[in-house]
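Scroll down for the structure; my scribbles are underneath it.
The values are calculated or read from the model by the stated rules, or taken from the named source; none is laboratory data. Remember, predicted model here, so these are calculated numbers, not experimental data. Don't worry about glycine lacking a Cβ; one is built from the backbone with ideal geometry, like all the others, and counts go over all protein chains shown. For the accessible areas, the whole protein counts, side chains as well, though only heavy atoms, and no ligand, DNA or RNA atoms are used. Shrake-Rupley method; radii C 1.70, N 1.55, O 1.52, S 1.80 Å.
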Amino acid sequence: MNRVYTFIICCILSLQLHAQEKPTVIASCSMIADMCKNICGDILAVDMIVPVGGDPHIYEPTPSDARKVSSGDIVFINGLTFEGWIGDLIENAASKAPVVTVTEGIEPIRSDKYQNSADPHAWMDLELAQTYILNIKDALVALYPKYENEFEQNYQRYQKQIKDLDQYILSEVKKIDQQKRVLITSHDAFAYYGKRYGIQLEALMGISTESDARTSDIIRVSRIIKERKVPAIFIESTINPKLIKQISDDSGAKIGGELFADSLGEEDSDADTYINMLKHNTDVIVGALSRGEIQETKIDADDQSQNWLLYGLLALLLIGGLLFMASRINKT
Ligand SMILES: [Zn+2]
């Protein structure tokens, strides 16, 4: 039996050593990490800085992130002020690795809410995602020319998947009545999506999650729900859903489901890859706005668990009180 254990441990150690031998690609966020994995295949290791579920707008890097960056061979970032903290992190890591901005060549949407700021969420448009993956492929070929054929083949295959999904979304969104093509979410992450696929965007916050929603934004969104008879509004995986829930309670618009904007979903979710994330968002949006389908969302479950906890505590207090009274009656 001991031999079996020794064999298994040796296998794991050799696998780890093998993994460490591979050059490492570092991506700032999960969407870019997934794109890199699709282009690299098994040739390079891919790691990311902001973990799945984290909010890259307000992320605070840790010392282990600095170590991660300093051990990376190439770093991919979104740019357009998405990762405001990345410059300091790279400087602290004293990394000599090339830093590639994957939005290079994209004409960004300017935000009318905040002057002189570019909207960073260009990955929400699958046509622009072609620029992302081309920049990734070109940078990898420049750094590792001996793998050019492999990178090129992976790129071609991935590009086809992205084009197919782009066509799918274009045709799916047309199923929503023109009047109800309004997407109401927490922060303004869907402007590129709306522009490409023909949906009007109404967000509570601006293009970053750093600012809080103002009362005027809440009134504006509530008025649109009423005027356009919007059947559903949406929460986002990386943002506290409290405000969206409050607007849903006040306006009667249902919470259509959870959308993923600034992070992929967990591995067991149907938004675990960049492609799956965009498909998930589209299916949730089209389902809720065209067919009134409502997805079970986490906030309901959380609320229920909190309720059960409260009921449990009340029951304990009641039983305790009854026992105390019973003991007093027995004594008298
Ligand atoms: Zn965002």
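Conditions: (1) assigned to a helix (DSSP H, G or I); (2) buried (at least 21 other Cβ atoms within 10 Å of the Cβ); (3) of a type outside the set (Asp, Glu); (4) within 16 Å of the ligand (Cβ to nearest atom). LYS195 meets all but one. Number of the miss?
(2) is the only condition that LYS195 fails.
For the stretch 221-265, give me each residue that is of a type in the set (Gly, Ala, Ser) and in a strand (DSSP E or B).
Hits for the stretch 221-265 are ALA232, GLY256, GLY257.
Which condition breaks for ASN240 when tested against (1) open to solvent by less than 10 Å² (accessible area, probe 1.4 Å); (2) more than 30 Å from ILE136 (Cβ to Cβ); (3) within 16 Å of the ligand (Cβ to nearest atom)?
Result: ASN240 fails condition (1) only.
Being within 11 Å of the ligand (Cβ to nearest atom) and closer than 21 Å to VAL230 by Cβ is the filter here; which residues of the stretch 198-217 pass it? Write out each step before concluding.
Within the stretch 198-217, the first condition is being within 11 Å of the ligand (Cβ to nearest atom), and the residues that meet it are 203, 205-210.
Hits for the stretch 198-217 are ALA203, MET205, GLY206.
Can you tell me which residue is nearest to PRO108 (Cα to Cα) among those in the stretch 60-83 that are in a loop (DSSP other than H, G, I, E, B) and open to solvent by 20 Å² or more (accessible area, probe 1.4 Å)? Reasoning before the result, please.
Initial filter on the stretch 60-83 (in a loop (DSSP other than H, G, I, E, B)): 60-62, 72-73, 78-83.
From what is left, the residues that are open to solvent by 20 Å² or more (accessible area, probe 1.4 Å) are 60-62, 73, 80-81.
Working: GLU60: 25, PRO61: 26, THR62: 30, ASP73: 28, LEU80: 8, THR81: 11 Å.
Looking at the filtered set, the residue picked out is LEU80.
Out of the residues in the stretch 207-226 that are touching a His at 6+ places or on another chain (Cβ under 7 Å) and not β-branched (Val, Ile, Thr), state the one that is nearest to ASN78 (Cα to Cα).
Within the stretch 207-226, the match that is nearest to ASN78 (Cα to Cα) is SER208.
Among the residues of the stretch 28-43, how many are over 15 Å from the mean Cα position of the chain (by Cα) and open to solvent by less than 10 Å² (accessible area, probe 1.4 Å)?
Result for the stretch 28-43: 3.
For residues in the stretch 207-217 being open to solvent by 40 Å² or more (accessible area, probe 1.4 Å) and part of a helix (DSSP H, G or I), which is farthest from GLU60 (Cα to Cα)?
In this case the residue turns out to be SER216.
Assess whether THR62 counts as being at pLDDT below 95 and either over 28 Å from GLN153 (Cβ atoms) or not hydrophobic (A, V, I, L, M, F, W, C) (or both).
no
Within the stretch 47-59, count every residue that is of a type in the set (Asp, Glu) and crowded, with 23+ Cβ neighbours inside 10 Å. First the steps, then the outcome.
Narrowing the stretch 47-59 to residues of a type in the set (Asp, Glu): 47, 55.
Right, trim to crowded, with 23+ Cβ neighbours inside 10 Å and you get none.
Counting residues in the stretch 47-59 that are of a type in the set (Asp, Glu) and crowded, with 23+ Cβ neighbours inside 10 Å gives 0.
Out of all the residues in the stretch 119-126, is one or more more than 14 Å from the ligand (Cβ to nearest atom) and free of Cβ contacts under 8 Å to residues at least 60 places away in the same chain?
No.
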